[in-house]
Amino acid sequence: MTIWEKLAGATAESLKAGSIGAVLGSVNGKEAGKDQVAFTVGVIALGAKMAKADGVVTRDEVNALKKVFKIPAGEMKNVANIFNLAKQDVIGYQAYAEQLAAMLKGNRRLLEDVLEGLFHIAKADQVLHAREVEFLAEVAKRFGITKTAFSHIKARHVVVTKRDPYEVLGVKASIGKDELKSHYHRLVAENHPDKLIARGVPKEFVAIATEKLAAINEAYAQIANERVDVVEQFDAAWRRRGAD
């Protein structure tokens, strides 16, 4: 059964119950693929709530949701039903986040993946609004994600020219060469699309995994280049000193 077939069932339940929260609460903990359903419904529902956080739902944000999941044209209706129901639901996003966290308890990385997807939607209009950041920080808090971990995730989603590469990788600038290299390889391995799918992310979420890996690779390359430049500058200065 594909994620879209599972989503169709969740959509029917959500429309019947009139609440996304009721759907999340009804997902059986032992049901095959329950993490995928929870992840998908959670991102769509929280994405809908967050899209209004800056006061307006833009076409870019809706299109970003389509991109996140590679939604086939024939399945857009199911996604739209959940998205619209979440926008209208009187239940606050905090309740959704807490319910999702309870469902995925023990799967911290999957909750971080949900947050990555929400960041992707938030920045789709090329602006990460202060209200959206506040929203995301509150969701992260309810997911049990630390402020430090949240800052590392956020760093990957700011404008490239403003990124702190060390923050993106989640390390201190004082880290040694070998330790940095080891940490980088671990991040790449942990965020390979196959690893995401194994922990419950639908394969349709690969677009986000690709973007995340790109940010990690760019940060590592930037640090490596900067460190080479520093060494070269030191060597040049030493040679000039010797010539004098």
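Structure notes:
- Residue selected from segment 139-148 under the condition under 21 Å from Pro202 (Cβ atoms) and touching a residue at least 40 places away in the same chain (Cβ under 8 Å), by the criterion surrounded by the most Cβ atoms within 10 Å (Cβ to Cβ): Val139
- Selection count where residues are part of a helix (DSSP H, G or I), crowded, with 16+ Cβ neighbours inside 10 Å and of a type in the set (D, E, K, R), scope segment 73-97: 1
- Number of positions in segment 112-138 that are open to solvent by less than 10 Å² (accessible area, probe 1.4 Å) and within 24 Å of His192 (Cα to Cα): 10
- Residue match in segment 169-181 (condition: under 26 Å from Val43 (Cα atoms) and surrounded by fewer than 20 Cβ atoms within 10 Å (Cβ to Cβ)): yes
The values are calculated or read from the model by the stated rules, or taken from the named source; none is laboratory data. Please read these numbers as outputs of a predicted model, since none were measured by experiment. No Cβ is skipped: glycine too gets one built from the backbone with ideal geometry, and neighbour counts run over all protein chains shown. For accessibility, only protein heavy atoms count, side chains too; no ligands or nucleic acids. Shrake-Rupley method; radii C 1.70, N 1.55, O 1.52, S 1.80 Å.
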